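Scroll down for the structure; my scribbles are underneath it.
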Amino acid sequence: MELLGLTLRNFRNYENLSLKLKPGVHILLGENGAGKTNLLEALEIVSALRSHRTRNDADIIRKDEREAFVEAEYERYEVKSSVSVTLQRRRGRVMRIGSGKAAVSEIIGNIKTVLFSPDDLMLAKGAPSLRWSFIDREICQASRIYLDNLMRYNGVLKERNALLKRIKEGLSNSDILEIYDAELAKYASLIVKKRIETVKELSN
């Protein structure tokens, strides 16, 4: 896959930017605060739908603007396409592949990236949850099945926590809890199995 171009509108310090890229290695040079990291962050968003710098899209949108736009053009197997993400202050995100709307599972991993930053030192020094989170992000880009299982696990976990709250308030029956526990166990086993396989592959 080759990255052909990157378009930014109202993204961090960029009001309007259009980059055309040639095949090969690219090195970003510039003064501090020029926006080099912002370009990498934009690529991270269209490839992994996340930013390593913030969880709040409002931090990314240029001051006094309603939305920010990122689009990456690429070529894979001699077929050209694009991925775009619009970050909106009040209405969330709009994601597209080409001209059609796309789901989260279609965006993540469509353009594969690996980001290394100074914060990655915490992978060795920090809590185990940071390492698993890093591994999850990389597996999700390579495996749609893993991404689907992880999303389903998180969805069931959220519903289970809501059920526990209702049970505590006397608004629901605890018998239903077994159904959620079984679903959690199913997806958790699939997730752990893939994690172990991935760690073994990295070790080799």
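Comparing mean-square fluctuations of Val70, Val156, Val25 from a GNM of the chain with C-alpha springs under 10 Å, the top value falls on Val25.
Per residue of the chain, the DSSP helices (runs of n ≥ 4 H) give a summed -39500 (n - 2.57) that works out to -14000 deg cm²/dmol at 222 nm. Relative to the longest principal axis of the Cα atoms of the chain, helix 128-142 runs at roughly 70 degrees.
Within the listed set Lys101, Lys168, Lys193, the Gaussian network model of the chain (springs between alpha-carbon atoms below 10 Å) gives the highest mean-square fluctuation for Lys168.
Oblate is the label for region 2-115. Its Cα gyration tensor axes, ordered a ≥ b ≥ c, give a/c of at least 1.5 and b/c at or above a/b. Going down the table (Lys22/Lys112; Lys112/Lys193; Lys101/Lys186; Lys20/Lys101; Lys22/Lys101; Lys20/Lys80), which pairs top 20 Å between alpha carbons? Listed pairs above 20 Å: Lys112/Lys193; Lys101/Lys186; Lys20/Lys101; Lys22/Lys101.
Taking the Cα centre of each part, how many Å lie between region 29-87 and region 138-204? Using only Cα atoms to place each centre, the spacing works out to 29 Å. Calculate, in whole percent, how much of the Cα-Cα pair population of region 138-204 lies beyond 19 Å. Summing the P(r) tail past 19 Å for region 138-204 gives 43 percent. Each of the peptides 33-41, 16-24, 88-96 was scored by the mean count of other Cβ atoms within 10 Å over its residues; in descending order, highest first, they stand as 33-41, 88-96, 16-24. Bridgeable aspartates and glutamates around Lys63 (alpha carbons under 13 Å apart, same-chain partners fewer than 8 residues away excluded): Glu15.
Structure remark: mean-square fluctuation, Gaussian network model of the chain, C-alpha springs under 10 Å; the largest value among Leu121, Leu150, Leu87 belongs to Leu121. State whether the chain is rounded, prolate or oblate according to the following rule on the C-alpha gyration tensor (a ≥ b ≥ c being the square roots of its eigenvalues): a/c under 1.5 gives rounded; otherwise a/b larger than b/c gives prolate, and the remaining case gives oblate. In terms of gyration-tensor shape, prolate. Lys168: which lysines have alpha carbons under 23 Å from its alpha carbon, excluding same-chain residues fewer than 8 sequence positions away? Once the sequence-local lysines are set aside, what remains near Lys168 is Lys158.
Tell me the angle of helix 36-48 to the major Cα principal axis of the chain, expressed in degrees between 0 and 90 and rounded to the nearest ten. The angle comes out at about 50 degrees.
Rule-based calculations on the coordinates, nothing more; no lab input. Only a predicted model underlies this, so the values are computations on that prediction, with no experimental measurement involved. Glycine also receives a Cβ, built like all others from the backbone with ideal geometry; neighbour counts cover every protein chain displayed.
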